[in-house]
Structure formats: structure tokens, C-alpha cells
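Step one of this worksheet: look at the structure below.
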Amino acid sequence: MTDPKPLLATLRGERQAVPPLWLMRQAGRYLPEYRALRAEKGGFLALATDPEAAAEVTLQPIRRFGFDGSILFSDILMVPWALGQDLSFGVGEGPRLEPALMNHALDRLHAQPARLEPVYGTVARVAAALPPETTFLGFAGSPWTVATYMVAGKGSKDQGETRRFAYADPVGFGAIIDAIADSTIDYLAKQIEAGVDAVQLFDSWSGSLSPAQFERWVIAPTARIVSALHERCPGVPVIGFPKGAGGKLPAYARETGVDAIGLDETVDPVWANSVLPADMPVQGNLDPLALIAGGADLDDAIDRILAAFAERPHIFNLGHGILPDTPVAHVEYLIARIRSTT
């Protein structure tokens, strides 16, 4: 019997005549209703840890656009916060984690898993409010990407400090990766228990690694997480999103055990379709800037993606998060174009 949730059915390998659609960061700053609530609640962390407010933010794009997927409003740095680092979001700055682990001081941290309880409260509220046809997606950061923030205490352009650490002390760095993986398994399993239908692993900085380091710090811990989730939560799909992986995508798809793979905007969809396992669902991969540009460029990009993945299970999405200056009218146009597909 066909799953009543088209996106969930696609993740389980069923090709749809009209691909289901959601957008990364669809709950966010491009929406006036989000900006109003953010101003009322203050800082990001206060908003993300208020279950009622975070549920409202998660539901806003579903009410406005009727996306096929709803993704939990949260952040990939909730896991290091639960591991004991202090997390802050300064005005006009990226996130900060303290103490940074550049001195390899994992043992200085004292885990505080109760910090994640509000997230599960958000999940329960959203799951109870979503339309029955909407797939609810949870998420976490993948260990490599999360580690880059934990080690440096902030984001960086090339993740140089973390890459140096991984080469200089692979045992010490491996302990950080293992701690993140353990916490992530539990975190995602509890999201599933609270009501999400599927989960996504974001590896935003996987493209900064050499092939050997990619195998060690991206593929291996991801495979461990996926295997544990499949055992603990059988039947719940896991989407892997290794941004920047490029030519390493086929190995990631084969070796991690993910149920579906997200493609960033730099990946040629024709190439991806030719090298990925024939039955693997793919997600992506419209350039967020094409969505801002609109017009013929947007139409051409949509047509190329739809044509490339016409014969496999496909979820239409962006190749990365929607940008704050994206016109709402362009999102409305995108949805109309995809849903007019026959």
C-alpha cells in the first residue's frame, strides 16, 4: 500500500510522478512571521529551546506553503551544548562554543543531556499538529562537522585547526568524534521516539577533507550512526548530506548505509544520477541563488534537475539552506512549478 506521506514513501524507495518538496532552512529569516517571533523571543538559543516557540517556527512554512516535509527548528550545535560546551549566538556573528577543544581537552567537559529535553518537547508538539500527509524530519550535525566547531570554538573558512588536530593526534581527535557519534545516536533516536518520521545528518564541512581523511572522519562515524539508528529505530530512513563531497559521493552512498543522499548545488545532477546506486533516493539540488534570481535561470535549473532524476526516487530541495533575502514569491513559484510536473 502506498504510504500516505509522499516524502516518506520516496525515502523508502518509491518514485513519485510529482517529486515531494521541502527546503533546507525553510523555517527562517526569509519569512516575515519568523522574523517577528525571533524579535519577540530574543536570541536564537532562547527561541530554539522554547518548545512552544520552536514548534511555531517549524510549522510556519507548512502553513504558508504546504511543503511535503517539515524539518525541526533547531541547530546542529545542540549536541556539543549537551556535551558540556557553552553555546552562544552573538548578534551579527556565528555561533561560539566554549571552551574550545584546541588543547584536546575533551575531559574538561561535563555532559548535560537534559539540555536536549526542550527539543523533544518541540518534536512532540509539531508531530501532533502536522497535516497527516506531511513528513516530519529531525536532524543532527554529522561528527566531522560538529567537531570542527567544537575544536575551534567557532566556524572557520577551511577548518584548518581541526584538520591539523586530526593529523597530529588522531587518537585524541577520534575520542571527540566518538563522543559526538554516541550523543548523536541517542539524540536522533529520541527525536524519532518523540515523533519524527525520518532524520537527516548534515555534514556541512565534509568537502574540506582529503579522501583518506574523508573515509576516516566522515564515512566511518556516519556508518556507525546509521547502523545504530537502523537497529534502534527500524524502518526510519536516514538522509545523509555530505556537502562538498564531490567525487567522494559514490563511496559515501555505498559505505555509510544511508537510505537517501542529499546533493549540494555544486553537484552535476546528470553525473550524480549516473554514479549513485540506481535505487537510492536522492534529494536536491537547486542552487539557493537560482531561487533568488528567479526567471529563466530558475526554470532552467529546475528542468535540469527534474530531467536528471526522472527515473529514480527524488525529493526536490535546495543544494543548501534557503538564504534570508529569498523572495517569498519565488518560493511560491518553485512550488507551483514542481507540483505542475506530470
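First check a/c for the range 191-235, with a ≥ b ≥ c the square roots of the eigenvalues of its C-alpha gyration tensor; if it is under 1.5, answer rounded, and if not, answer prolate when a/b is larger than b/c or oblate otherwise.
On the way: a/c = 4.64, a/b = 2.07, b/c = 2.24.
Because a/c hits 1.5 or more and a/b fails to exceed b/c, the range 191-235 counts as oblate.
In the chain, the DSSP-assigned H stretches of four residues or longer account for a calculated mean residue ellipticity at 222 nm of -14000 deg cm²/dmol, using -39500 (n - 2.57) per stretch and the full residue count as denominator.
May I ask you to derive the relative contact order of the range 1-152, considering only C-alpha pairs under 8 Å and at least 6 residues apart, and to give it as an integer percent?
Working: 190 pairs, mean separation 44.4, N = 152.
RCO, the range 1-152: 29 percent.
Dipole of the chain (Lys/Arg Cβ +1, Asp/Glu Cβ -1, origin at the Cα centre): which of 206, 275, 341 lies farthest to the positive side? Checking the options against the dipole of the chain, the answer is 206. Based on alpha-carbon centroids, what's the gap between the range 141-201 and the range 300-334 in Å, whole number please? Centre-to-centre (Cα) distance: 28 Å.
Which of the listed residues, 183, 301, 234, is farthest toward the dipole's positive end in the chain, when Lys, Arg count +1 and Asp, Glu count -1 at the beta-carbon? Positive-end residue among those listed: 183.
Per residue, what volume in Å³ does the Cα convex hull of the chain take up?
Expressed per residue, the convex hull around the Cα atoms of the chain is 124 Å³.
Computed over all pairs of different Cα atoms, the Kirkwood value for the hydrodynamic radius of the range 18-98 is 13.7 Å.
For the range 1-52, the spread of Cα coordinates along the three principal axes comes to 45, 21, 14 Å, biggest extent given first. With an a/c value of 1.5 or above and a/b larger than b/c for the gyration tensor axes a ≥ b ≥ c computed over the alpha-carbon atoms, the range 119-170 is described as prolate. Compactness check for the range 1-155: Cα Rg over 2.2 N^0.38 Å is 1.15.
Largest mean-square fluctuation among 20, 221, 327, in a Gaussian network model of the chain whose springs join Cα atoms under 10 Å apart, belongs to 327.
For the range 148-269, the square roots a ≥ b ≥ c of the C-alpha gyration tensor eigenvalues yield an a/c of 1.5 or more together with a/b not exceeding b/c, which makes the shape oblate. If only the Cβ of Lys and Arg carry +1 and only the Cβ of Asp and Glu carry -1, the dipole of the chain around its Cα centre is close to 160 debye.
Looking at the range 135-169, which trypsin sites (Lys or Arg not before Pro) are in a loop (DSSP not H, G, I, E or B) and have at most 12 other Cβ atoms within 10 Å? Answer in residue order: 157.
Share of pairwise Cα-Cα distances greater than 14 Å in the range 55-115 is 66 percent (whole percent).
Give, rounded to the nearest 20 debye, the magnitude of the charge dipole that the range 179-314 has about its Cα centre when Lys and Arg contribute +1 at Cβ and Asp and Glu contribute -1 at Cβ.
Values: 9 positive and 19 negative charges, 96 e Å.
So the dipole magnitude of the range 179-314 works out to roughly 460 debye.
Sites counted here are GluC sites (Glu not before Pro) in a DSSP loop (not H, G, I, E or B) having no more than 11 other Cβ atoms within 10 Å; the longest part of the chain that contains none of them is 94-310.
Every number in this text was worked out from the coordinates using simple rules, so none of it is lab data. Treat the numbers as computed from the prediction; the structure is a model and nothing was measured. Cβ atoms come from the backbone with ideal geometry, glycine included; neighbour counts cover every protein chain shown.
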